[in-house]
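Contents: one structure, followed by commentary.
Nothing in this text is a laboratory measurement; each read-out follows from the coordinates by a stated rule. Please read these numbers as outputs of a predicted model, since none were measured by experiment. Neighbour counts are summed over all protein chains in view; Cβ atoms, including those assigned to glycine, are modelled from backbone coordinates with ideal geometry.
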Amino acid sequence: MTNEEIEKTMQFILEQQAQFAASQQLISERQAQFAAGQQLISEQQAQFANDRQFILEQQAQLTAEQQQAAERVSRLETNMAEMARAQTQTSEAVTVMAREQTRTNEAIDGMRRSQTHLNEVVAVMLDTHRHTEEKLDAFIGVLERYISEGRNGKAGEQDDPGKRPGA
């Protein structure tokens, strides 16, 4: 082998070594990129795990809240049914009260008519009482005159037993 051949061979080896070093550098850079990608994937997996845990917690909380809401709705439905029953009872009571009020009004109207009739009867009785008082006053006047004139039943009866006083 000649010097030229050795130099060519060395030149070839050096070029191959430079290419190998460049390839080695490229592999190292790609390994660093791959490691960075793996780190990013690990971080994303951790974030995904955190997000998944958060979602699971939220889902559990939502499930609990839905259960509470279902219980409240059930209580509300029970209360609504009780209120409907109470409203029905109230309506029935109002209907009964209305009927009784009608009866009371009719009774009051009857009492009003009776009172009007009683007032009329009292007015007639008052008029009759006045008339009776007038007649009684007149009778008392006649009787007082009769007594004062000395005809108290003694003098006139002795003369004529069949004769009535004032006749």
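GNM on the chain, alpha-carbon springs under 10 angstrom: the most fluctuating residue among Gln24, Gln66, Gln39 is Gln24.
Ordering Leu143, Met83, Gln53 by the projection of their Cα atoms onto the charge dipole of the chain, which places +1 on the Cβ of Lys and Arg and -1 on the Cβ of Asp and Glu, puts Leu143 at the extreme positive end. Placing +1 on each Lys and Arg Cβ and -1 on each Asp and Glu Cβ, with no other charges, gives the range 63-103 a dipole about its Cα centre of roughly 220 debye.
As a check on your grasp of the helix formula, calculate [θ] at 222 nm for the chain: sum -39500 (n - 2.57) over DSSP H runs of n ≥ 4, divide by the residue count, round to the nearest 500. Walk me through the numbers before you get to the answer.
Numbers: 2 runs with 151 residues, N = 167.
After summing the helix terms and dividing by residue count, I get -34500 deg cm²/dmol.
A Cβ-based charge dipole, computed about the Cα centre of the range 1-149 with Lys and Arg at +1 and Asp and Glu at -1, lands at about 480 debye. Helix 3-148 and the longest principal axis of the Cα set of the chain meet at an angle near 0°. Using Cα springs under 10 Å in a Gaussian network model of the chain, which residue among Glu149, Glu106, Glu120 shows the largest mean-square fluctuation? Maximum among the listed residues: Glu149. For the chain, modelled as a GNM with alpha-carbon contacts under 10 angstrom, which of Val142, Val121, Val96 fluctuates the most? Fluctuation is largest for Val142. Size descriptors for the chain (Cα atoms only): Rg and Dmax, in that order, 66.6, 217 Å.
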